[in-house]
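Working notes for the structure below.
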Amino acid sequence: MAGIDELPPLRDVIQRHGLDARKALGQNFLFDLNLTQKIARTAGPLEGVTVFEVGPGPGGLTRAILSLGAKKVIAVERDARCLPVLEEISDHYPGCLEVIEGDALKTDFASLVPAGEPVRIIANLPYNVGTQLLLNWLLPPVWPPYWLSMTLMFQKEVGQRIVAEEGDNHYGRLGVLTGWRTVSEMAFDVPPQAFSPPPKVNSTVVHLLPKTNPLPCDAARLEKVTEAAFGQRRKMLRQSLKPLGGETLLAKVGIDATRRAETLSVEEFVAIANAL
Ligand code: SAM
């Protein structure tokens with residue numbers, strides 16, 4: 001394993017601290033620092049940038065981010081057992097790592113943004129809360145957001161849903177909400193054996209950039225429409241959107257009521273949401 005800093009290899013660190021991975025916390029650790037550097041590089045230039053990380057765990061990705069010159073990493077970790085390990089990294093990069101012990105779902109990330117400074121979000125997310133965290137960062141009332149980019153590891157199947165466009169098998173609510181406000185791509189896949197312990201599924205790194213001028217729309221309305229439309233994705237829209245106005249609503253925006261949700265573009269979903 002190539003070294004990216006003078007810190008000891010991650011496997012040794014974990015053993016020394018008795019940090020066995022816990023399934024309930026979605027702990028699948030990355031030990032290969034070349035891979036964690038590849039993830040961090042995907043985010044774009046890190047010099048002078050503050051990075052928000054969720055779930056640093058034993059700090060493999062954190063170390064990669066810091067080794068690439070990030071000004072600071074602000075990391076939220078739920079598992080207190082990781083804190084002494086992260087402290088060793090903090091000692092190695094004085095003043096560059098702030099660890100907040102807590103639940104990322106309850107963290108007000110916007111309040112942590114250093115005034116006027118660029119922020120990138122980079123994380124190997126715990127899979128049980130990954131989608132909700134993405135939606136929290138994606139759907140704030142104010143746009144453009146404080147973050148310059150998000151580079152996030154998901155289960156491959158979730159990654160496919162995030163980047164999906166109309167007509168794609170994986171296209172659904174997540175693809176519409178992501179496509180509305182961002183340009184997203186799957187950067188590269190990561191096989192199960194790259195993690196310890198290996199998860200049962202393949203993973204993928206998704207990179208998202210905020211659109212400067214997404215079509216004006218109320219996020220809550222768009223969520224409502226996509227939820228109804230894809231809740232019954234095999235049905236025609238006149239049926240699935242019935243509770244929201246069905247044929248009358250669709251006629252207002254000139255969309256054929258016999259179409260199905262997966263054929264509608266993001267722009268068409270936005271038009272329906274705005275007509276609600
Ligand atoms: N970043 C490390 C790596 O790449 O090796 C660990 C990634 S592991 C997939 C997910 C991490 O998220 C674990 O360290 C876990 O304790 C932490 N975690 C789980 N749920 C969390 C939550 N709600 N808020 C913050 N951290 C959480």
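The values are calculated or read from the model by the stated rules, or taken from the named source; none is laboratory data. Please read all numbers here as calculations on a predicted model, not as lab measurements. Positions of Cβ are generated from backbone atoms using ideal geometry, with glycine treated the same way; all protein chains shown enter the neighbour counts.
Listed values, structure above:
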| item | result |
| --- | --- |
| Test: residue in the range 208-224 that is away from the ligand (no atom under 16 Å from the Cβ), within 12 Å of the chain's Cα centre (by Cα) and at pLDDT 95 or above | yes |
| Any pair with Cβ under 7 angstrom, 6 or more apart, that starts in the range 14-43 at a residue that is over 20 Å from Ala64 (Cα atoms) and assigned to a helix (DSSP H, G or I) and ends at one that is within 12 Å of the ligand (Cβ to nearest atom) and at pLDDT below 95 | Leu25/Pro126 |
| Residue in the range 246-264 that is surrounded by the fewest Cβ atoms within 10 Å (Cβ to Cβ), counting only those that are outside any helix (DSSP H, G or I) and over 33 Å from the mean Cα position of the chain (by Cα) | Gly254 |
| Which listed residue is in contact (Cβ under 8 Å) with a residue 60 or more places away in the chain, under 24 Å from Lys211 (Cβ atoms) and not charged (D, E, K, R), from Leu112, Leu66 | Leu112 |
| Residue ID - nearest to the ligand (Cβ to nearest atom), chosen from residues in the range 148-163 that are outside any helix (DSSP H, G or I) and within 12 Å of the chain's Cα centre (by Cα) | Met153 |
| Number of positions in the range 22-64 that are modelled with pLDDT under 95 and in contact with a strand residue (DSSP E or B) (Cβ under 7 Å, 6 or more places away or on another chain) | 1 |
| Count - residues of the range 3-56 that are touching a helix residue (DSSP H, G or I) at 6+ places or on another chain (Cβ under 8 Å) and hydroxyl-bearing (Ser, Thr, Tyr) | 1 |
| Of residues in the range 33-63 being of a type in the set (D, E, K, R) and surrounded by fewer than 24 Cβ atoms within 10 Å (Cβ to Cβ), the one farthest from the chain's Cα centre (by Cα) | Glu47 |
| Search result, residues across the range 60-92 that are more than 15 Å from the ligand (Cβ to nearest atom) and among the β-branched types (Val, Ile, Thr) | none |
